[in-house]
1. Restricting to DSSP H runs of at least four residues, report the calculated mean residue ellipticity at 222 nm for the chain, -39500 (n - 2.57) per run over all residues, nearest 500 deg cm²/dmol.
2. What helices does the chain hold that run 24 Å or longer along their axis, going by alpha-carbon atoms, with a Kyte-Doolittle average of -0.5 or more, using DSSP H for the helix calls?
Amino acid sequence: AYFFLQVIYARRMFGISPPKTSGPPEFQRIFRAQVNSSEYFPIFLALLWQAGLFFHQGLAATLGLIYLYARYCYFVGYRASSSDRLLPIYMSSGVLWILIVSSSLGILHFFLSRYVGLNVFQILRV
């Protein structure tokens, strides 16, 4: 919601009425940062939910907070200049990869224990 509000404020500041998406470079950076964040949000939510459900809730919650902070830094950096967005985008991409791995491992463990009768955690404890 914060990103959407920033686009509304930028539209008012630069006098750009919807549905226009072009304007000064400052507006275009704010608009693109909001759109980029919106495009990744469904992926993030699905991975966060799966990692929390199948792997570990605490890890998923921590990674979720890190991801949201990285996206905020991405937005602020992109608003300043397009090169300031690189480090936060790498950080948020890394979090997404960790969520992919953890949710995949959790789902794999669920299916192995449920349908094959193989509990990986018990084997690893030995």
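1. Numbers: 5 runs with 99 residues, N = 126.
Roughly -27000 deg cm²/dmol at 222 nm, from the helical runs in the chain.
2. Values: long enough: 25-54 (43 Å, 0.35); 57-80 (34 Å, 0.65); 86-111 (37 Å, 1.73).
The answer, listed by residue number, is 25-54, 57-80, 86-111.
We did not get these values from a lab; they are worked out from the coordinates using the rules stated. Owing to the predicted nature of the structure, the values given are computational and were not obtained by experimental measurement.
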